[in-house]
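Single-structure report; data block below.
Please treat every number below as a calculation from the coordinates, not as lab data. What you see is a predicted model, and the numbers here were worked out from it, not measured in a lab. Virtual Cβ from ideal backbone geometry, glycine too; neighbours counted across all protein chains shown.
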Amino acid sequence: MRWRPATPRARAAGHQVELVEAARLGLPLLTSQDAWQHGTPPPGVAAVQEAIHKAQHLVFFYPLWLGDMPALLKGFLEQVARPGFALDPAPRNPLRAGLLGGRSARLVVSMGMPALLYRWFYGAPSLRLMRRNILGFAGIEPVRSTIVGSTGALDAAAAERLFARMRRLGVQAR
């Protein structure tokens, strides 16, 4: 099944859309706290940070791998969400260090297991990590989610319902 993104509908509704494919940026993984706090971000990070700075709404699409987001997405977030951009490097209140307030986000996570099993039995750890520890900590809220479960069993009708829902969300910037 080929994904038909909501991007054209979002643009037609008057939204400016920037598409960033994190895995294609070739960013190196960070290997120390010092590199994260004080290192120079690699080329390409500044453009992504500028796009996020301009954004009112962020959407992350990713597959669930070994119970979490792919490592390259996590590495991308580590490179982009550095102190001084996403987090205040010396906050008065460490629980309110986020510098990206005023933005909302949606997480769209696909997986082979049933969505209900992931959400209720496993507790959706990847969604909690993104919602609370990454985006929420950076000040982004609300963070909504869409879980697409049992992707290997989606028939054409179910896939079209999913695509229609994503297009509606794109128009609404939700």
**For segment 77-174, size of Cβ-based charge dipole, Lys and Arg +1, Asp and Glu -1, in debye** = 300
**Asked** Taking the Cα centre of segment 5-135 as the origin, how large is its charge dipole in debye, to the nearest 20, when only Lys and Arg (+1) and Asp and Glu (-1) carry charge on their Cβ atoms?
**Response** 480
**Fill in**
Residues whose modelled amide H sits under 5 Å from the amide H of SER110, counting only those 5 or more places away in sequence or on another chain, are TYR62, LEU64, VAL148
**Request:** Please work out the FRET efficiency for the pair ASP155 and LEU66, using the Cβ-Cβ distance as r and a Förster radius of 30 Å; give the result to the nearest 0.05.
**Result:** 0.65
**Asked** Which net charge results when you count Lys and Arg as +1 and Asp and Glu as -1 among the other residues whose beta-carbon is under 13 Å from that of SER104?
**Response** +4
**Complete:** Listed with the fewest Cβ neighbours within 10 Å leading, THR146, THR40 appear as THR40, THR146
**Extreme residue, positive dipole direction of the chain, given options GLY102, PRO125, VAL20 (C-beta unit charges)** = GLY102
**Request:** Considering Cα pairs under 8 angstrom that are at least six residues apart, work out the relative contact order of the chain and quote it in whole percent.
**Result:** 30
**Prompt:** Short version: ³J(HN,Hα) in whole Hz for each residue of segment 84-101, in order, from phi by Karplus 6.51 cos²θ - 1.76 cosθ + 1.60 (θ = phi - 60°), x for Gly and Pro, what are they?
**Reply:** x, 10, 8, 10, 5, x, 9, x, 5, 10, x, 7, 10, 8, x, 10, 10, x
**Item:** Amide hydrogen neighbours beyond the local backbone of ARG103, cut-off 5 Å, H modeled
**Value:** GLU141
**Prompt:** Which percentage, to the nearest 5, of the DSSP beta bridges contained in segment 18-130 is antiparallel?
**Reply:** 20
**Prompt:** Which of the peptides 158-170, 42-54 is most tightly packed, and how do the rest follow, going by the mean number of other Cβ atoms within 10 Å of each residue?
**Reply:** 158-170, 42-54
**Message:** Could you tell me the center-to-center distance, by alpha carbons, between segment 28-64 and segment 118-174 in angstrom?
**Reply:** 21
**Fill in**
Summing +1 per Lys or Arg and -1 per Asp or Glu among the other residues with Cβ less than 15 Å from SER150's Cβ gives +1
